[in-house]
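Q: Provided herewith is a single structure, encoded as structure tokens, for subsequent inquiry.
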Amino acid sequence: MRNWMPRLGLSFKMIFLICVNVTAIIAVIFTYIYKVSHDTILNDLKESSRLLTLSTVHEVEKNLVAVQKVANNLAVIIQNRETSNGQLEELLIMAVENNPEILGAAISFEPAGNGPAKRFGTLYVGRRGKALYKTYSDAGDYEDHIRDWYLIPKELKKALWSEPYYDEVVPNVKKVTYSVPIHRNIDGHMEFVGILAADLSLDLLDRIVSSIKVYQTGYAYMISRNGSIVSHPKKEYILNTTIFSLAEETNSPVLDEIGRNMVRGRSSFAEVEYHNLVTGKKSWLTYAPVSLSGWSLGIVYPVEELTSSLNDLFKIVIIFALIGATILLIVIVFISRSITRPLRKLAFASRQISGGNFHAALPVVKTRDEIGDLTKSFGLMQEELSQTIGRLKAANDELENYSRTLEEKVESRTAEIKEKNSQLIQAEKMASLGQLTAGIAHEIKNPLNFINNFAELSVDLAEELAGIIEKESGKLDKSTVEYLRELLADVDHNVRKIGEHGRRADSIVKGMLLHSRGKSGEKQKTNLHDLIDEGLNLAYHGFRAQDANFNVKMEKHYDRTIEPIDVVPQNISRVLLNMFNNSFYSMNEKKTEKKYNPQLVVITENRKDRVVIRIWDNGRGIPADIIDKVFNPFFTTKPTGKGTGLGLSLSYDIVVQEHRGEIKVKSEVGEYAEFTIVLPKIL
Amino acid sequence: MPKKIVELALFLATTCSILSSQQLKTASFVPHWLPQAQFAGFYTAKDLGIYKKHGIDLQILTGGPNVSSAALLEKAKVDFASIWLSNAIRLKAKGVDVVNLAQLINRSALMLVAKKSSGIKTPQDMNGKKIGLWGGDYLIRPMAFFRKYDLKVIPVLQGSSINLFFFDGIDVTSAMWYNEYHTILSAGFHPDELNTFFLSDYGLNFPEEGIYCSGRLLESDPEMCRRFVRATLEGWQYSFAHAEEAINIVAKYMEEAKLPINMPHQRWMLARMKDLILPGGVNDFQRLPEREYLFVATSLKEDGSIKMAPPYESFYRPVTTRSE
């Protein structure tokens, strides 16, 4: 699921996480410190801005008060005593002359009043440059009574400052007028008779306000009770626009709200933040009312400049922090490398180990820390692993050996089984041959009996004839007798030969029948060694009878532990006789060779449940190509008439079939032949 | 911007061709008040040479509280003047040879304004209150209004400033929708803090300014009268279509007259003039309906300002048709 994630090294993760966290911590600390410093500056500013604003307001009001005092005094004088035109003129000129802040002064009477209005509407004494001038206007032909400076105090029945306005007489002069309503006791009640007004130059107030400099671009401004701009660094605003128009023009609800609070006479000290109209920069605003005229003074503090020293300090701090962070980064890189480098090497080594190289070089770690421990442990593991793998290898070799031996055993076993199998086949063959032979023998037996019987009878008859001839010899001539004798001798000889060969054939047939009938004789406990000795004597003397020169060196190694065993003694005796006859025959055949010493060795061995008889001779031996056939019936190498070819076949049947033993032959041509007979102890 | 340049080029091209083909006739005009966006059409037409294009070399005199356009026309000191209908009817009734060439405004912009804080919500609430009123023709309808609702008010004659209202010297002030009403807004009042009474909403609608000249001039040079009116209407159309440019032109004339210039105020004024001069949108210049004329004349007669209502036909002599 997270396969998309690139593989990131431990060192990268470490550096990344530490950097992120350190940055976050530094950021939090810095932000906190910055905020605290910022708040401190702001708090200080609140206090200092309050002082500055109030002192400026005081400065402005000082001028207003000066004008107010003059106007109020004049009003009191005019109100309380009848004055002539000249006296009024004198009073106004004096007031303007002696009070430089006063731009001009006027006395204006109600058009329809009972007072001085009979004489004039308005008397104005103004200042044009250094000179003073005076104007009179007629009571009827003058609209002063609907002008603000006249109408408003009249309606409100109190002395007050007008909204600032342009002077009608002197071009470009902006002024503000303080008007005092004059009431006189006429017919017992106080009646409004006119206004005493004194003008104050707006430029004067503007200078006071403009002199306020806050840092580089901060400034002060003043607005009237209608929001009209009275003083501002942007001189074109003065009397041309109101703070609300500016709010409308700049589409600033904040400025609109500021204006509304200012004209309502509220105060605020560095609580409002807005973009000032001169630089457009974010600023804090402080304002307080100029109560005497119902105006409001505002001072603009550019945030940036206020906080610039703080910002400079923080710039330095940030540079230090960056340097620190860089050093930290380098240290972290160094540390993480010192961790990851051995780790990488260990990883490389473990890959090598997994590839079979148990002697892969491990990193050299001198530090006594976890990495050192890990490397040490790794080394131990490597060693252990190497040993274990060695042991495993040895075990494996052994196992391989075992398996190879097993294979060999299986092979030899298989060969043995094969051999057994071929023996079995041989046995089968022999059995079927035996049956065939029995059939033939039985059929031949009857005619053979005739032959034998008639041969014997013929011999008798020949003898009888010979007697007759002898008796009658005289009756016959000599030559005839002689001829008869000769003929009879031939007949006698022939009949005897027929008898001889008939008997021989009979004995063959008898042997064949015995072979095929498989008739088991009586089993009885028999001393095997006695049987061997008997057979050996019989055979040896039989040969010696034929050839007195036949001498054989005989060795007998009998295992005397062999107890009598269950056998059919006459059959086993027959087998042994057969064996010995064959050996003697073979050795006799070989005796023509020089330096030949015939030797026969008989060995018996007692094994667990069986007995082994080995008959060894150094006769001619059996050629390899016929050794498989020696147990076949009628197979013989003897010349015709000397062997029937049934001896070994018969022995085979007796040992294998009758006694469930084994008979094996081993030989080397011209060297030796060895027959081994194995008999089970208990049948 | 390019569009504007093309239009200017067209004006100049046309002007030049007219200049070369015919001689310019000199004429003069005086508005009935100080230079401000209320007369933007006239100043724009002059400044952009529209009058010259129409063969008139126009001089605009500066109006104001001390200069009565009606008086100047009466004294034949000016050829054309903008005058309120009621004022013009009084002139005509007095026997002055004056004719209305075009009626610019049919719907009155005169209104009474009260602060919501004063609790004045209905005309009845004004009973017993101090109401700031202007003199002359401005007085007729408020007085009719007070009569209509049977109110006993304390009228206070006010000047061109409405500071008395701000000082709470009066409870209700007279105001022109396009002028003083915005001055009140510019003094920090929000519209929802004020209750307004448009006199036209109380059956007291007086069509206001129109373009006038002497009957004599109309007789002798009807072509120039027609051209003057056409050029003026063109000037208005241009002003409405190019408000900022028109405001800047007006500001130039205000500066010459040494008047305080408050751009948002002038912008407001021009926008309201558009509402009044072209209530139905582009080209919907007004005619003076006889019914409205007679209502004003009758009111003046009832008021005692005139004895006889001058006939409509002799008073209203439109030199252009509406389709023009």
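Q: With each pseudo-label sitting 7 Å past Cα toward Cβ, what's the A:Lys157-A:Arg368 distance in nm, one decimal?
A: Output for this residue pair reads 10.3 nm.
Q: To make sure I understand the rule: partners must be lysines, Cα under 20 Å from the Cα of B:Lys75, and not fewer than 8 residues away in the same chain. Which ones qualify?
A: Within the straight-line cut-off, B:Lys75 pairs with B:Lys92, B:Lys94.
Q: How about the stretch A:242-298: which trypsin sites (Lys or Arg not before Pro) there are in a DSSP loop, with at most 12 other Cβ atoms within 10 Å of their Cβ? Please list the in-between numbers first.
A: On the way: sites: A:Arg260, A:Arg264, A:Arg266, A:Lys281, A:Lys282; in loops: A:Arg264, A:Arg266, A:Lys281.
Those that pass, being in a loop and sparsely packed, are A:Arg264.
Q: With each label point set 7 Å from Cα along the Cα-Cβ vector, what nm distance links A:Glu97 and A:Arg560?
A: Computed distance between label sites A:Glu97 and A:Arg560 equals 18.7 nm.
Q: Around A:Arg184, what is the net charge, scoring Lys/Arg as +1 and Asp/Glu as -1 over all other residues with Cβ under 13 Å from its Cβ? Don't jump to the answer; show the numbers that get you there.
A: Working: positive: A:Arg81; negative: A:Glu82, A:Glu110, A:Asp187, A:Glu191.
Once positives and negatives cancel, what remains is -3.
Q: If Lys and Arg each add +1 and Asp and Glu each add -1, what is the summed charge of the other residues whose beta carbon sits under 15 Å from the beta carbon of A:Tyr165?
A: Working: positive: A:Arg147, A:Lys174, A:Lys175, A:Arg225, B:Lys258; negative: A:Glu143, A:Asp144, A:Asp148, A:Glu163, A:Asp167, A:Glu168, A:Asp199, A:Asp203, A:Asp206.
That sum, taken over residues with Cβ under 15 Å, equals -4.
Q: Still on this structure, please answer the following. Expressed as a rounded percentage, what relative contact order does the stretch A:242-345 have, with Cα pairs under 8 Å and six or more residues apart? Intermediate results must be reported in sequence, preceding the final value.
A: Values: 105 pairs, mean separation 16.3, N = 104.
This gives 16 percent for the stretch A:242-345.
Q: Only bridges whose two residues both fall in the protein assembly as shown count here: according to DSSP, what percent of them are antiparallel, nearest 5?
A: On the way: 104 of 123 bridges.
Taking every DSSP beta bridge with both residues in the protein assembly as shown, the antiparallel ones total about 85 percent.
Q: Something else: In deg cm²/dmol, rounded to 500, what helix-only [θ] at 222 nm does chain A give when every DSSP H run of at least 4 residues adds -39500 (n - 2.57) and the total is split over its residues? It would help to have the intermediate numbers written out before the result.
A: Working: 13 runs with 361 residues, N = 683.
One gets -19000 deg cm²/dmol as the mean residue ellipticity at 222 nm.
Q: Now, a different point. How high is the FRET efficiency between A:Glu593 and A:Thr480 when r is their beta carbon distance and R₀ equals 60 Å, given to the nearest 0.05? Don't jump to the answer; show the numbers that get you there.
A: On the way: r = 56 Å, r/R0 = 0.93.
Computed FRET efficiency for A:Glu593 and A:Thr480 comes out at 0.60.
Q: If each residue of separation counts as 0.36 nm, what is the full-extension length gain between A:Asn73 and A:Arg264 once their alpha-carbon separation is subtracted? Write out the running numbers ahead of the final one.
A: Numbers: separation 191, 0.36 × 191 = 68.76 nm, distance 2.98 nm.
Value of the extension gain: 65.8 nm.
Q: By the scheme Lys and Arg +1, Asp and Glu -1, what is the net charge of all other residues having a beta-carbon under 13 Å from that of A:Leu306?
A: On the way: positive: A:Lys46, A:Lys281, A:Lys282; negative: A:Asp39, A:Asp44, A:Glu273, A:Glu304, A:Glu305, A:Asp312.
Cβ neighbours under 13 Å give a net charge of -3.
Q: Right, another one. Which pairs break 19 Å Cα to Cα here: A:Lys35/A:Lys315; A:Lys595/A:Lys664; B:Lys25/B:Lys77; A:Lys553/A:Lys590; B:Lys129/B:Lys301; B:Lys121/B:Lys148? Show your work: numbers first, answer last.
A: On the way: A:Lys35/A:Lys315 15 Å; A:Lys595/A:Lys664 29 Å; B:Lys25/B:Lys77 16 Å; A:Lys553/A:Lys590 14 Å; B:Lys129/B:Lys301 27 Å; B:Lys121/B:Lys148 17 Å.
Going by Cα-Cα distance, A:Lys595/A:Lys664; B:Lys129/B:Lys301 fall outside the 19 Å limit.
Q: Taking the DSSP beta bridges in the stretch B:77-227 as the whole, what percent of them are antiparallel, to the nearest 5? If you can, show how the numbers build up before the last one.
A: On the way: 20 of 26 bridges.
About 75 percent, rounded to the nearest 5.
Q: ³J(HN,Hα) across the stretch A:347-355 via Karplus (A = 6.51, B = -1.76, C = 1.60, θ = phi - 60°), whole Hz, x for Gly/Pro?
A: Residue by residue, the stretch A:347-355 yields 4, 5, 4, 5, 5, 4, 4, 5, x Hz.
Q: Please work out the FRET efficiency for the pair A:Lys664 and A:Asn549, using the Cβ-Cβ distance as r and a Förster radius of 30 Å; give the result to the nearest 0.05. Numbers along the way, then the final one.
A: On the way: r = 32 Å, r/R0 = 1.08.
That pair, A:Lys664 with A:Asn549, gives E of 0.40.
Q: Can you give me the Cα centroid spacing of the stretch A:306-338 and the stretch A:218-250 in angstrom?
A: A separation of 46 Å, based on Cα centres.
Q: Relative contact order for chain A: what is it in percent, counting Cα pairs under 8 Å that are at least 6 residues apart? Write down the numbers at each step before the final one.
A: Working: 946 pairs, mean separation 49.8, N = 683.
This gives 7 percent for chain A.
Q: Turning to a different aspect of this structure: When the chain is fully extended, how far beyond the present Cα-Cα distance does A:Asn357 get from A:Thr414, taking 0.36 nm per residue of separation? The partial results should precede the final answer.
A: Values: separation 57, 0.36 × 57 = 20.52 nm, distance 4.29 nm.
Stretched fully, the A:Asn357-A:Thr414 segment lengthens by 16.2 nm.
Q: Which of the aspartates and glutamates could a cross-linker bridge to A:Lys471, judged by Cα under 15 Å and excluding same-chain residues fewer than eight apart?
A: Straight-distance partners of A:Lys471: A:Glu463, A:Glu482.
Q: So what is the relative contact order of chain B, in percent, for Cα pairs below 8 Å that sit 6 or more residues apart?
A: Numbers: 559 pairs, mean separation 89.4, N = 324.
RCO, chain B: 28 percent.
Q: A further question follows. Please report how far the C-alpha centroid of the stretch A:648-683 lies from that of the stretch A:169-188, rounded to the nearest whole angstrom.
A: Computed from Cα coordinates, the inter-centre distance equals 169 Å.
Q: Ranked highest first by the average count of other Cβ atoms within 10 Å around their residues, in what order do A:222-229, B:107-114 fall?
A: Values: A:222-229: 26.8, B:107-114: 21.8.
My ranking of the peptides, most packed first, is A:222-229, B:107-114.
Q: At 0.36 nm per residue, and after removing the present C-alpha to C-alpha distance, how many nm does the segment from A:Ile508 to A:Lys35 gain when stretched out fully?
A: Values: separation 473, 0.36 × 473 = 170.28 nm, distance 13.85 nm.
That pair, A:Ile508 and A:Lys35, stretches by 156.4 nm at full extension.
Q: Something else: Hand me the GluC sites (Glu not before Pro) from the stretch A:154-254 located in a DSSP loop with no more than 16 other Cβ atoms within 10 Å, in residue order please.
A: On the way: sites: A:Glu155, A:Glu168, A:Glu191, A:Glu236, A:Glu248, A:Glu249; in loops: A:Glu168.
Those that pass, being in a loop and sparsely packed, are A:Glu168.
Q: Filter the trypsin sites (Lys or Arg not before Pro) in the stretch B:197-266 down to the DSSP loop ones having no more than 11 other Cβ atoms within 10 Å, then list what survives. Show your work: numbers first, answer last.
A: On the way: sites: B:Arg216, B:Arg226, B:Arg227, B:Arg230, B:Lys252, B:Lys258; in loops: B:Lys258.
Listed in order of number, the matching sites are B:Lys258.
Q: At 7 Å along Cα-to-Cβ for each site, give me the label-to-label distance between A:Tyr402 and A:Thr250 in nm.
A: Using points 7 Å along Cα→Cβ, the separation is 9.9 nm.
Q: With θ set to phi - 60° and the Karplus curve 6.51 cos²θ - 1.76 cosθ + 1.60, what are the ³J(HN,Hα) couplings of the stretch A:586-602 in order, to the nearest whole Hz, using x for Gly and Pro?
A: Running phi through 6.51 cos²θ - 1.76 cosθ + 1.60 with θ = phi - 60° gives 5, 5, 4, 5, 8, 5, 5, 5, 6, 6, 9, 10, x, 9, 10, 10, 10 Hz.
Q: Using the Karplus equation 6.51 cos²θ - 1.76 cosθ + 1.60 (θ = phi - 60°), what ³J(HN,Hα) coupling, rounded to whole Hz, does each residue of the stretch B:167-180 give in order, writing x for Gly and Pro?
A: 7, 6, x, 9, 8, 10, 10, 6, 7, 9, 4, 7, 10, 5
Here, each number is a calculation from the coordinates, and none is a lab measurement. Since this is a predicted model, take the numbers as computed values, not measurements. All Cβ positions, even for glycine, are placed from backbone atoms using ideal geometry, and neighbour counts span all protein chains on display.
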